[in-house]
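One structure below.
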Amino acid sequence: NICQKREGQAATVLLCCTMADDVCKRCKRGIDDVDDGAHDYDVNGVKVGGEMYHIHCLKCEDCESSLITEAGKVVVKRVPTGELLCTPCGERFQRRQRRIKAQKQAEEEEKEAELERQRRREERLARRLSRDVSERRREVRRTVRDLQNEQAASGGSGGGDDASSIAA
């Protein structure tokens, strides 16, 4: 496998004079099996990211345009999904990924804000319930005090219900 290194825009590739057992990742045929005569290259295969491709099989996985320029330069954008894309498709992919990331971040922030609003509602409800319980206790104490005062004013003849049993 005699190879020449060439620098592409986003990847270093090897243009190779291939060995018989090299297989194109795209079409799954041996690199030496295809020689269509339509392409004016001195080699049959291109190695990109450790994978072999026929020169005419090295195409953008999105728009199907060739990833080899007229001058023989390989222009590849490898994206995190492992796809090989031309520069415009790679940039579109990256913009889409940034947009998705921003959307997810906005959704997460909205979820956090909603949780914070819910927490505040629950705190207000707890304070209101606490005030209601405190007010109810004051009312009960007032009622007990009023009953005790009535009993004391009537001389203790309340028919057996004393204030201590009411307070309990």
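The values are calculated or read from the model by the stated rules, or taken from the named source; none is laboratory data. Please read these numbers as outputs of a predicted model, since none were measured by experiment. Cβ placement follows ideal geometry from the backbone for every residue including glycine, while neighbour counts extend to all protein chains displayed. Accessible surface is based on the protein model in full, side chains and every heavy atom, while ligands, DNA and RNA are left aside. Shrake-Rupley method; radii C 1.70, N 1.55, O 1.52, S 1.80 Å.
Along region 142-151 the Karplus relation, 6.51 cos²θ - 1.76 cosθ + 1.60 evaluated at θ = phi - 60°, assigns HN-Hα couplings of 4, 4, 4, 4, 4, 5, 5, 5, 4, 5 Hz to successive residues, with x for each Gly and Pro. Ligands, DNA and RNA aside, T81 has an accessible area near 90 Å² when probed at 1.4 Å.
Listed values for region 91-107 are Karplus-derived 3J(HN,Hα) couplings in whole Hz (6.51 cos²θ - 1.76 cosθ + 1.60, θ = phi - 60°), namely 5, 4, 4, 5, 5, 4, 5, 5, 5, 4, 4, 5, 5, 4, 5, 5, 5, and x replaces Gly and Pro.
Computed from the C-beta positions of T69 and I100 and an R0 of 30 Å, the FRET efficiency is 0.50 to the nearest 0.05.
In order along region 124-138, the phi-based Karplus estimate (6.51 cos²θ - 1.76 cosθ + 1.60, θ = phi - 60°) of 3J(HN,Hα) comes to 4, 4, 4, 5, 5, 5, 4, 5, 5, 5, 4, 5, 4, 4, 4 Hz; Gly and Pro are listed as x. Close amide H pairs (under 5 Å, H built 1.01 Å from N) link L84 with E61, residues at least 5 positions away or on another chain.
What's the whole-number percent of alpha carbon pairs in region 59-155 lying beyond 15 angstrom?
Details: 3612 of 4656 pairs.
When all Cα pairs of region 59-155 are counted, 78 percent exceed 15 Å.
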